[in-house]
Each structure stands twice: as C-alpha cells, then as structure tokens.
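Below is one structure, written out as structure tokens, with a few remarks after it.
The values are calculated or read from the model by the stated rules, or taken from the named source; none is laboratory data. Everything quoted here is computed from the prediction, not taken from an experiment. All Cβ positions, glycine included, derive from the backbone under ideal geometry; neighbour counts span all protein chains shown. Note: areas computed on protein heavy atoms with side chains; ligands, DNA, RNA excluded. Shrake-Rupley method; radii C 1.70, N 1.55, O 1.52, S 1.80 Å.
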Amino acid sequence: MRRTVIFARLTLFNTLRLVRGPFLLPGALLTALYVWVVSNEFSSSVEEWYSILSLIGLLLGAVGFAAVTPSAVREARYPGTSTTPLERTGRTLSVALAALPPLWLLLGAIALFMYTDDPGGPVGIVSPFALPVPFLMVAAGPLASLLLSVWTRSYLPLIIVALCLPVYLVYNGFLLSERFNNAVSRATTAAQQVISPFQNPSVSLAEPTLFSLVYTLLMTGMLTALVVGARRRGRVLVTSTVTAVVLGAGAFGVTVQGNRANPWDRSYADDEVYGVDGPAPCLELDGLTYCPLPGYEPWAENWHSTLSEVLGELPASAREGAPLVWQDALYYDRSLPETDRPVLVLYDDLDPDWAYWQGYVFLDFLRKALGMAISDTGPYGDSFCRSNGQARTPVIAWVVDTVTSRHGLEGLDRADSLAGVLSELTASPIDLEVARALTERPHDEVSAVVHGHWDRIASGEMSTPELARELEIPITDASTEPAPGKSWDAVFPELEKGVYQAWDVDSPPCAPSHRTPA
Amino acid sequence: MSLTLTGPVRLRGVTRRYGTRAALDGVDLDLGPGVTGLLGRNGAGKTTLMRCLATDLDPTSGELRLLGRDPGRTTERTEIRRRLGYLPQNPDFYPHFTAFALLDYMAVLKELGGRRARHDEVRRVLRQVGLYDRRHSRVRRLSGGMRQRLALASALMGDPDLLLLDEPTVGLDPEQRIRFRNLVSHLATRSTVVLSTHQIEDVAALCGHIVCLDGGRVVFDGAPGDLVDRARGHVWEGTGDPGIGLTSWRLPDGRHRVLTPETAGAPGPSFTAVEPTLEDAYLLLIGVSGTEGR
C-alpha cells in the first residue's frame, strides 16, 4: 500500500513536470486544433467517429512519445538514484504512466466532443471492447519512447520519429521517387499491420473488437515487459524477456486466430453486432423497404425522403418495382437478405445528405426500379443491361439531374454529374443530346411528357428519337449506338475533353417491351 | 556461521568479485553509531564496500546485515533504503532539474510524506549544506563543489540512520569542509556514518573508528589512537640522506620526515623519533601491508 502511494506521488510529480515540459501541452493543443479543423468533416456514423478517434489516439501517442523522451533519457543517463526505496523499474514505469492522465483526459474529452457534436450522437453501435483500444494506443507512445530511450540513452528515437512525420506527409503529397515511395508505403503498411492486424476492423462487431482488444492489451503488456527489462541484467532481464516473449506469442496467436475466425470475405449476420440478438428489422415507408444496419435506423428516414424525391418525378406506378434498400457496412460484409427483389446497397459511410453520391445512388435505384438489373450476375444485381437509344436513358438522366440539382449541385459539377450518369447508362449520341436538352427545358414540360408516356418509357418501348420528336428537340446526331468520345465533347463542351465515354458497351441491350434484358 | 544482530552494520566473510578479481575478499566488520573512516589506496575496495553497504551492489558471497536486516531480500532491502542516505563517489544528477526540484524528486523517491512535509525537508537540507539561496538554479549551472553539497543534501534527507559518504569533501573549499565536519559530527550523535576518503585530516577530525582496506582485505579495524600507537617509534625527522626504499619527504625547513618499517631503526644518526600523525600511521600501515602482501 505504502509503495503504491509513493508510486502515485512520483507519477504525479512526473506528470507535473511533463505538463510544464516543451512537448505535452503544445502537442495536445496541436491535436485539439487538428480536431477542430476536421470537426466539420465528422460523419454521423460510429465507424467514422471511431476511425477519427483512433487517429487521434495515434497522434496523442506520438505526443506522449515526445513528451516522455526527456524524462526517459534522464532515467537512462543518470541512474545514480539506485538506492532509493522505489527502484528503477518503478521509476521508469512511473515516467510512462505520468504522461497518460493528461493524454487520456484529452482523448476522452475529444471523444465526448465528437460524440455529442451531432445531436443524438453518431448512429450505429459501438462495441465496448473497442473503446479501450485508442486509449491503449496512446499508452503505447510513452512506453515505446521509454524502451527506445533507455536502450539508446539518447534523443535519437525522437529525432527519427520527428523526421518520419514529414517524410510521411511528403510521401502522401508527392511522388519523390518510386523506390522511396515504395519504401515508405511498405513501412506504413507494416506499421498499420502492427497497430491493427485484423481484416474486419469494424467498431460494431463483438468478436473482432474483442480480438482487437486482447491483441492490443498483449502488445502493450509486451512493450511494458520490454521496458522493464531494458538494460537490466540477471533475474529482472530474464523475467521480463520471458514475459515479453510469452505476451508477443500470445499477440501473434490472437492475430492468427482472429483472422482465421474473421477472414476478409466473411459475411456477418446482424446478431454478430454487439448487443444485437437477431436480424435487424426492415422498415416499410410508403411502400418502400429499408433495411438499415443495427443502430442506423435514423438514417432510413433520410434515405426515404431523398429517394421519395426521385420517385416523386415519376408516376405512382414506378414505385411498384422499387428495390429493397439494404445497408451494408464499409468494414465488413453484412449477410445478404433472402429476397427475390433487386437490392439497392447503401454503405455506412455515405451521408444521406451528400449530393455527390446521390447521383449514382439515384441512378442505380431507378435502373433497378425499371428492371434493368441483371440479377444473375451478382447478389446485389449490380450489373445492368444497356438502354442506349431507349427514351428511358435520357429520362433517367433527367430525373437524377432534377433531384441532385435541387440539392445544390450546380454549374460544372452538375454537368459532370449528368455526364457521369449518361456514361453509366452507355448513352448514344442522341441520348446525350436529348438528355442535355431535357435538363434545359422547363421542368413541367418534360414532366408532362414523362408522365403521359410513362408505361412506354419504363418498358423501353419508346425510343429516344421518338421522345425527341415528342418534345421537339433538334438533333444533330441521331445514332443510337454507344456514343464515341467526340459526341461527349460536343454535348458537354464545358467539361475536360476525352474524359467521358460510354461504359459497359459489352453488356446486353435491354429489350424493348420488356423490363428484362434481351 | 551464526550472526548476532547487534550493530547497525555487520559483515561476515563478505566477498565481491568482478570476474576473477576480488574487490572485497572475506571482509568481517562491525560498525556502530558514530563516524567510521574508511581508508585505503585507490583500488583497495572502498567504493565496492560502500556500494555493498548502500545496497547498490550484492556481495558475491558472505553475509551482510544492515540496520538489522538482510539487503539480499527485496522487502528488507526496501526497509533498509528507507533509512539509508548515500552519497556516491560520482553523483550523477539530472542537469535540467533545479536544485529544489531535484531534492524534491529524491524526497519522493525516499518516501518522505506529503508535499508540504517534503518541501519542508528539502528546504531544511538545502540550508544545512548552504545551498538554499541557489535552490532555483539548475544543476548544470552549479559548480562542482555546489553539486557535491547538493549530493550531500540528498543523502541527508529524512535523517537517515545509516549515512554512507564516499569522498564527500572532494571539491569543497576549506570553509565548506569545516561546515561539513560540523554537520557530520552532529549527525553522528544518533546515526551510523561511514566516511570513505583520502583526506586523512577529515578522518582525524571526525572519526572515532577507522577501517583500512588494502587489496580488498581489512588491514586495520580500530580507533585512530591505536593506529597512531602502532606508528610510534617509526617516524623520524632529521637531516641527510634518508636512504633508498623508505617513505620520506622533504620538510619546508630542509629536513626530512622518514617513515621506517617495524624491523628498521633510525634512518641515520642525525634523525630523531617524533610523534606520529594519523597520516604517518596510515602510510606506514599500507606500506607495510603492501610489502607483506606482495
């Protein structure tokens, strides 16, 4: 008990010295500044929240590394206080622990700030096993500093780490030389593998987060054992070395077992999310079915409000073939539902209010609603027949453009989005011209024609030249074959030349009169 | 071997080896309260003995008891360290700390109470060694003598029952040495102080007990007067050539002071026996023992 009190007093003493030192507070302030700068990019999902928290954990670990180095070098260079009741091991560990209270406090405050920044908190479920990991990553910094400083008895490790950061930033910004960038890339990959060697690093899954926690605890323990044994002899060296080897072997075993039980291509049922007992229920909203990940239910309302806008441009009958909206996770594969309906897959990193991705989501949604998905090419029906020359091609592009431009997409971005959608639709020259013209015509004029001819447009029976005639759109190139590059450049002169072309020209054409491929 | 735990420091057959070389070779000692002077030439084993007494070094063999406890046992070693003050031969303190912060840090390591009690103790020892006015100076800015006093202050913290001082007066000016002597003699009224030094004057002024080491062995263990008595009749002063092979030096008046071994008489007809000093006795001791030992 007495030694514990003394250890606590010494740790407090060291903490106060670190706080007054040159690294801890400035480093913490810089980290807080970084958080403030990126705070407007916080996503409202727990995966993003945790991802940023882990990054901050690494940053604070680096701050701890720097802050502890002078004390660690001091202990290594001047071991003359060896005849005090608290021995060297206690003194050394105290230096590492001294950095943790302020850093953990800061990390906790940042975590709380990010969590409460979005009213109601980020959506999704956080496994409690994942929560200690960023805090352990913070602890690894001071421990690594102690280990390296005690071994080298110098500031060299700090200098090397200080140099690594600009090298990494340069590597991310410029291609200096292929050899250099490859070396940095390999080092970065190796470091990432050491920090987190698991293949499904979702914050929600119970088992992988438990593996990750055990691995991090073992690695931290191994680091601590190495610190205790650094430059020691006799029994202390043997004990700490054996302990470090056992813990390291344990960490390796956990990694192997964790990746064997959770390979990258494994699918997870909803009940493998922490605290979830069975399949997450799907929600029915105005005839549309949404199946969010557990904890992401609040997003379904957003999806519905935006997808309703898409359907709102079309007659009510378009709703009948609407696909099931299924949310998958970015960091793991969610088991696919048993359904014969087409499925529109959304991911947990896609903010439902972000216009840029909506164009692609709306496009897929419409093509699936119109039966253009080739269901036997994959579980999600992500391959489509091509509808070049059919009126539904410019109409789909018009609907997407109408909704996305309503959400703030303007100017070059709008043209870019429209060209992208037409590219995905394998548009022909006449499709390009008509689509562009539709976006420039009064909305009600186009809408009336679309509603008036919807059955023929939806089935592919109405051709694009017919639609052009209906709306009296002048045509310069009436070809219905996939458009060559010059057609794109002619219809979209404001965009960079040669960027766009018709995709998937080899996919089967959609058969007129049917909602299935020919 | 059975031990009766009477004195604060007790050694029986203590040997410390570095490889094949024995720095301490079967040392038997009992040290009680008061100041014990530890004398010996360079390499005699003084610092090794001090480090063993300071629990910084384990004996290779033999039995050692400090303050009635066995330093070989972890829990007992901790108890010993709580009551131990040690000034090493080359104190290497953290250069970036201020004098106050350094002693405060040492006070924490020595388990000295709460913050207020600790700071009171730091101020007390800083005043004792005359460094209170320099308490905010960084260690690297202090002179060699000041650092030595700072190290002494560190050793004095917590009123240790066993105070080990290895070459404590190196770098001290005469005034500080007098101050140091007063301080140590005051402490010795209630503590066991072991003073390892080459400064015979300090030993003569402070020590009621002397231990001389040579080649890792104890060659004298007794009172200073006993050592001086052994030299009586072997210290001479006179004119002329004192002869080869004798320890001698020239005095300011041109005469020579000569130390002769027990088997030799006066170095010459012009030499007369004089009262030996402790230094004479020590030189004779290690000279004789050196001759006999080789």
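Taking the conditions (1) buried (at least 22 other Cβ atoms within 10 Å of the Cβ); (2) closer than 19 Å to B:S185 by Cβ in turn, B:Q128 satisfies each one other than (1).
For residues in the stretch B:57-80 being part of a helix (DSSP H, G or I) and within 11 Å of chain A (Cβ to nearest Cβ), which is surrounded by the most Cβ atoms within 10 Å (Cβ to Cβ)? Among those that are part of a helix (DSSP H, G or I) and within 11 Å of chain A (Cβ to nearest Cβ), it is B:I80.
For the stretch B:11-56, taking the residues that are open to solvent by 20 Å² or more (accessible area, probe 1.4 Å) and within 14 Å of chain A (Cβ to nearest Cβ), the one that is nearest to the chain's Cα centre (by Cα) is identified as B:T47. Pairs are defined by a Cβ separation below 6 Å, a sequence spacing of at least 6 or placement on different chains, a first member in the stretch A:241-253 that is β-branched (V, I, T), and a second member that is at pLDDT below 95; the pairs so defined are A:T241/A:G229; A:T243/A:A225. From the list A:S459, A:S423, which one is touching a residue at least 60 places away in the same chain (Cβ under 8 Å) and either open to solvent by 10 Å² or more (accessible area, probe 1.4 Å) or outside the structural domain of A:P315 (by TED's automatic domain parsing) (or both)? Of A:S459, A:S423, the one residue that is touching a residue at least 60 places away in the same chain (Cβ under 8 Å) and either open to solvent by 10 Å² or more (accessible area, probe 1.4 Å) or outside the structural domain of A:P315 (by TED's automatic domain parsing) (or both) is A:S423.
For (1) touching a residue at least 12 places away in the same chain (Cβ under 8 Å); (2) among the hydroxyl-bearing types (S, T, Y); (3) closer than 19 Å to B:L109 by Cβ, each residue gets a yes or a no:
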position: A:V5; (1), (2), (3): no, no, yes
position: A:L29; (1), (2), (3): no, no, no
position: A:A32; (1), (2), (3): yes, no, no
position: A:E48; (1), (2), (3): yes, no, no
position: A:L58; (1), (2), (3): yes, no, no
position: A:A62; (1), (2), (3): yes, no, no
position: A:T69; (1), (2), (3): yes, yes, no
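Once the stretch A:194-213 is narrowed to residues that are touching an Asp or Glu at 6+ places or on another chain (Cβ under 8 Å) and part of a helix (DSSP H, G or I), the residue that is most open to solvent (accessible area, probe 1.4 Å) is A:E207. If the condition is being surrounded by fewer than 16 Cβ atoms within 10 Å (Cβ to Cβ) and either among the small types (G, A, S) or assigned to a strand (DSSP E or B) (or both), then the stretch B:251-265 contributes B:G254, B:A264, B:G265.
Those helices (runs of 4 or more DSSP H) of the stretch B:133-242 in which 2 or more residues are outside the structural domain of B:V27 (by TED's automatic domain parsing) and within 23 Å of B:N90 (Cβ to Cβ) occupy B:144-156.
When the stretch A:471-518 is filtered for residues that are surrounded by 15 or more Cβ atoms within 10 Å (Cβ to Cβ), of a type in the set (D, E) and modelled with pLDDT of 85 or more, the ones remaining, listed by number, are A:D477, A:D489.
Looking across the stretch B:126-155, the residues that are out of contact with any helix residue (DSSP H, G or I) (no Cβ under 8 Å at 6 or more places or on another chain) and within 12 Å of chain A (Cβ to nearest Cβ) come down to B:R140, B:A151, B:A155. The lone criterion from (1) surrounded by 19 or more Cβ atoms within 10 Å (Cβ to Cβ); (2) outside any helix (DSSP H, G or I) left unmet by A:G408 is number (1). Of the residues A:S127, A:S71, which is closer than 30 Å to A:N302 by Cα and either away from chain B (no Cβ under 14 Å) or of a type in the set (G, A, S) (or both)? After applying the criteria, what remains is A:S127.
Is one or more of the residues making up the stretch A:75-94 over 28 Å from B:V108 (Cα atoms) and buried (at least 19 other Cβ atoms within 10 Å of the Cβ)? No, that holds for no residue. Among the residues of the stretch A:60-92, those identified as hydrophobic (A, V, I, L, M, F, W, C), touching a Leu at 6+ places or on another chain (Cβ under 8 Å) and assigned to a helix (DSSP H, G or I) are A:L60, A:A62, A:V63, A:F65, A:A66, A:A67, A:V68, A:A72. Tell me whether the stretch A:179-193 contains one or more residues that are open to solvent by less than 50 Å² (accessible area, probe 1.4 Å) and touching an Asp or Glu at 6+ places or on another chain (Cβ under 8 Å). No, there is no match, as no residue in the stretch A:179-193 is open to solvent by less than 50 Å² (accessible area, probe 1.4 Å) and touching an Asp or Glu at 6+ places or on another chain (Cβ under 8 Å).
If the condition is being part of a loop (DSSP other than H, G, I, E, B) and open to solvent by 60 Å² or more (accessible area, probe 1.4 Å), then the stretch A:271-326 contributes A:Y274, A:G275, A:D277, A:P279, A:P281, A:C282, A:D286. Per the conditions (1) touching a helix residue (DSSP H, G or I) at 6+ places or on another chain (Cβ under 6 Å); (2) open to solvent by 20 Å² or more (accessible area, probe 1.4 Å), the sole criterion not satisfied by A:F65 is (2).
The rows are residues; the columns are (1) among the small types (G, A, S); (2) within 15 Å of A:L58 (Cβ to Cβ); (3) surrounded by 20 or more Cβ atoms within 10 Å (Cβ to Cβ).
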site	(1), (2), (3)
A:A109	yes, no, no
A:F113	no, no, no
A:S127	yes, no, yes
A:V138	no, yes, yes
A:P142	no, yes, yes
A:S149	yes, no, yes
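One residue stands out among those in the stretch B:89-125 that are assigned to a loop (DSSP other than H, G, I, E, B) and open to solvent by less than 10 Å² (accessible area, probe 1.4 Å): the one that is nearest to the other protein chains (Cβ to nearest Cβ), which is B:Y94. Testing B:A99 on (1) among the small types (G, A, S); (2) over 22 Å from the mean Cα position of the chain (by Cα); (3) within 21 Å of B:L31 (Cα to Cα), one condition comes back false. Which one is that? Of the numbered conditions (1) among the small types (G, A, S); (2) over 22 Å from the mean Cα position of the chain (by Cα); (3) within 21 Å of B:L31 (Cα to Cα), the odd one out for B:A99 is (3). Of the numbered criteria (1) more than 20 Å from A:S154 (Cβ to Cβ); (2) within 14 Å of chain B (Cβ to nearest Cβ), the one A:R88 fails is (1). If you go through the stretch A:95-102 one residue at a time, do you hit one that is within 14 Å of another protein chain (Cβ to nearest Cβ), crowded, with 23+ Cβ neighbours inside 10 Å and β-branched (V, I, T)? Yes, that holds for at least one residue. Among the residues that make up the stretch A:360-370, is at least one of them modelled with pLDDT under 85, surrounded by 19 or more Cβ atoms within 10 Å (Cβ to Cβ) and out of contact with any strand residue (DSSP E or B) (no Cβ under 8 Å at 6 or more places or on another chain)? So far as the stretch A:360-370 goes, no, none of its residues is modelled with pLDDT under 85, surrounded by 19 or more Cβ atoms within 10 Å (Cβ to Cβ) and out of contact with any strand residue (DSSP E or B) (no Cβ under 8 Å at 6 or more places or on another chain).
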